[in-house]
Amino acid sequence: MTCPKCQSNNVSIQTVGITKSKGKGCFYWLFIGWWLELFMWLFLTLPMLFFKLFGGGKKIKTKVKNFAVCQNCGYNWKA
């Protein structure tokens, strides 16, 4: 494998993990979330407290991508 920038053969492949967390969206908070959360905090305080402490809510996605890095000039590209 050769570097497209400097044409060197001194290239290594690195694996990078990219993590994204996803919460609740704008539509949820405008139409459902604000009154649902208020109702749950007012009338169901203990279950809501346990849900916030130990429950989910956010989804996490991890993608793994490979990048080639030139050891001479530092240029990197998707492998």
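Residue 46 meets the conditions (1) surrounded by 11 or more Cβ atoms within 10 Å (Cβ to Cβ); (2) not assigned by TED's automatic domain parsing to the domain that holds residue 15 in every case but one. The failed one is (1). For segment 6-15, the criterion of a residue being at negative phi and in a helix (DSSP H, G or I) is satisfied by no position.
Within segment 3-23, the residues that satisfy the criterion of being loosely packed, with under 12 Cβ neighbours inside 10 Å and basic (Lys, Arg) are 20, 22. Residue count for segment 16-60 under the criterion of being part of a helix (DSSP H, G or I) and small (Gly, Ala, Ser): the result is 1. Scanning segment 15-57 for residues that are within 30 Å of residue 5 (Cα to Cα) and small (Gly, Ala, Ser) returns a single hit, 17. Do we have residue 65 as part of a strand (DSSP E or B) and either free of Cβ contacts under 8 Å to residues at least 60 places away in the same chain or exposed (fewer than 12 other Cβ atoms within 10 Å of the Cβ) (or both) here? So residue 65 passes the test.
Considering the conditions (1) hydrophobic (A, V, I, L, M, F, W, C); (2) farther than 30 Å from residue 2 by Cβ; (3) in contact with a Ser or Thr (Cβ under 6 Å, 6 or more places away or on another chain); (4) modelled with pLDDT of 80 or more, residue 60 is excluded by exactly one of them, (4).
Counting the residues of segment 45-74 that are in contact with a strand residue (DSSP E or B) (Cβ under 6 Å, 6 or more places away or on another chain) and among the hydrophobic types (A, V, I, L, M, F, W, C) gives 6.
The values are calculated or read from the model by the stated rules, or taken from the named source; none is laboratory data. What you are looking at is a predicted structure, and each value in this text was computed from that prediction instead of being measured. Positions of Cβ are backbone-derived with ideal geometry, glycine not excepted, and every protein chain shown enters the neighbour counts.
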